[in-house]
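J.: Pasting a structure here, questions to come.
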Amino acid sequence: MTPAPLVVTLALPDDVQARFDAERARWFPAGRTAVGAHLTLFHAVPGELQEQVVDDLREQAGQAFTVRIAGVMPLGRGAAYAVESDELTRCHRALQARWWPHLTRQDRQPLRAHITVQNKVEPAEARRTLEALAAGFTPAVVDALGFDLWRYDGGPWTHLGRASTPSPPLRS
């Protein structure tokens with residue numbers, strides 16, 4: 001039996017995660033929120049690579065970095081927050097290079113980092129959501145805590161662990 005695919009997401013501070021989870025609960029269609037809000041880096045890494053994936057994530061998590069929640073963005077049938085980070089893009093490219101022969105077409109694409117808070121709705125509803133999100137949006141810089149590894153279980157995900165970045169330096 002082939003192991004279930006693996007999903008890799010960016011780990012965010014608890015308060016930031018809670019904010020996006022609350023927005024996802026508000027805007028995502030009822031009954032379709034099998035997982036909380038997330039910034040997916042890889043959607044379907046073969047499960048048989050789990051040991052290598054864990055090692056590679058630990059290596060990439062070796063340096064603290066920040067990400068910028070830059071704005072709201074349309075998804076056609078949903079809405080998301082655009083995320084910018086040169087370091088996140090670098091990490092994604094490094095992991096892509098290591099796993100390239102095993103990646104799906106979707107996971108071979110350049111990273112378009114975003115946190116989805118709504119998907120699978122009619123375009124008109126998505127536009128209304130975008131307007132509401134944009135009206136109250138303020139850019140923010142947040143610490144990346146590392147990478148979370150999940151097993152895709154046909155809907156819900158099972159958390160397998162976290163490769164954590166070192167604690168960021170104190171800001172004055």
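J.: Of all residues being over 14 Å from G47 (Cβ atoms) and surrounded by fewer than 16 Cβ atoms within 10 Å (Cβ to Cβ) in region 148-158, which is modelled with the highest pLDDT? Just the residue, please.
T.: Residues of region 148-158 over 14 Å from G47 (Cβ atoms): 148, 155-156.
Adding the requirement that they be surrounded by fewer than 16 Cβ atoms within 10 Å (Cβ to Cβ) leaves 155-156.
Numbers: G155: 79, P156: 84.
Per the stated criteria, the residue is P156.
J.: So, one more: Which residue pairs have Cβ atoms closer than 8 Å, lie 6 or more positions apart in sequence or on different chains, and pair a first residue in region 50-73 that is closer than 11 Å to L95 by Cβ and touching a residue at least 24 places away in the same chain (Cβ under 8 Å) with a second residue that is part of a helix (DSSP H, G or I) and basic (K, R)?
T.: Qualifying pairs under 8 Å: Q52/R98; D56/R98.
J.: Among T129, T66, which is the only one that is over 21 Å from V7 (Cβ atoms) and in a strand (DSSP E or B)?
T.: Numbers: T129 fails: in a strand (DSSP E or B).
Residue meeting the stated conditions: T66.
J.: Now for a different question. So how many residues does region 127-147 have that are surrounded by 12 or more Cβ atoms within 10 Å (Cβ to Cβ) and either over 19 Å from I69 (Cα atoms) or without any contact (Cβ under 8 Å) to a residue 40 or more places away in the chain (or both)? If you could, list the steps in order and put the result at the bottom.
T.: Our first condition is that a residue be surrounded by 12 or more Cβ atoms within 10 Å (Cβ to Cβ); within region 127-147, this holds for 127-130, 132-134, 137, 140-147.
Imposing the further condition that a residue be either over 19 Å from I69 (Cα atoms) or without any contact (Cβ under 8 Å) to a residue 40 or more places away in the chain (or both) reduces the set to 127-128, 132.
The number of residues fulfilling the criteria is 3.
J.: Would you point out the residue of region 56-109, among those that are of a type in the set (D, E) and surrounded by 18 or more Cβ atoms within 10 Å (Cβ to Cβ), that is nearest to E23 (Cα to Cα)?
T.: Narrowing region 56-109 to residues of a type in the set (D, E): 56, 59, 84, 86-87, 107.
When the remaining residues are screened for being surrounded by 18 or more Cβ atoms within 10 Å (Cβ to Cβ), the result is 56, 107.
On the way: D56: 31, D107: 26 Å.
Checked region 56-109; the qualifying residue nearest to E23 (Cα to Cα) is D107.
J.: Against the condition farther than 28 Å from F137 by Cβ and outside any strand (DSSP E or B), how does L88 come out, does it pass? Explain how you work it out, then say what you get.
T.: Working: farther than 28 Å from F137 by Cβ: no; outside any strand (DSSP E or B): yes.
Against the criterion (farther than 28 Å from F137 by Cβ and outside any strand (DSSP E or B)), L88 does not qualify.
J.: Still on this model: Of the conditions (1) out of contact with any helix residue (DSSP H, G or I) (no Cβ under 7 Å at 6 or more places or on another chain); (2) surrounded by 14 or more Cβ atoms within 10 Å (Cβ to Cβ), R112 clears all except one; give me its number.
T.: (2)
J.: May I pose another question? Which one of the conditions (1) modelled with pLDDT of 95 or more; (2) part of a loop (DSSP other than H, G, I, E, B) does E48 fail to meet, given that it meets all the rest?
T.: Of (1) modelled with pLDDT of 95 or more; (2) part of a loop (DSSP other than H, G, I, E, B), only one is false for E48: (2).
J.: Regarding region 14-29, can at least one residue be identified that is outside any helix (DSSP H, G or I), under 15 Å from the mean Cα position of the chain (by Cα) and in contact (Cβ under 8 Å) with a residue 60 or more places away in the chain?
T.: Of all residues in region 14-29, those outside any helix (DSSP H, G or I) come to 28-29.
Pick out the ones that are also under 15 Å from the mean Cα position of the chain (by Cα) and you get none.
No, region 14-29 has no match at all.
J.: Going by the structure shown, is G161 in contact (Cβ under 8 Å) with a residue 60 or more places away in the chain, in contact with a strand residue (DSSP E or B) (Cβ under 6 Å, 6 or more places away or on another chain) and either surrounded by 11 or more Cβ atoms within 10 Å (Cβ to Cβ) or on the phi > 0 side of the Ramachandran plot (or both)?
T.: On the way: in contact (Cβ under 8 Å) with a residue 60 or more places away in the chain: yes; in contact with a strand residue (DSSP E or B) (Cβ under 6 Å, 6 or more places away or on another chain): yes; either surrounded by 11 or more Cβ atoms within 10 Å (Cβ to Cβ) or on the phi > 0 side of the Ramachandran plot (or both): yes.
When the stated conditions are applied, G161 passes them.
J.: Right, here's the next one. Is it the case that some residue within region 24-46 is loosely packed, with under 15 Cβ neighbours inside 10 Å, in contact with a Leu (Cβ under 7 Å, 6 or more places away or on another chain) and not hydrophobic (A, V, I, L, M, F, W, C)?
T.: no
J.: So in region 97-115, with the set limited to residues that are assigned to a helix (DSSP H, G or I) and touching a residue at least 24 places away in the same chain (Cβ under 8 Å), which one is nearest to V7 (Cα to Cα)? Quick ask: steps written out before the conclusion?
T.: The initial filter retains those residues of region 97-115 that are assigned to a helix (DSSP H, G or I), namely 97-102, 106-108.
With the extra rule that they be touching a residue at least 24 places away in the same chain (Cβ under 8 Å), the set shrinks to 98-99, 102, 106-107.
Working: R98: 15, W99: 13, H102: 13, Q106: 12, D107: 10 Å.
The qualifying residue nearest to V7 (Cα to Cα) is D107.
The values are calculated or read from the model by the stated rules, or taken from the named source; none is laboratory data. These numbers come from a predicted model, not from an experiment. So basically every Cβ, Gly included, is an ideal-geometry build from the backbone, and we count neighbours across all protein chains shown.
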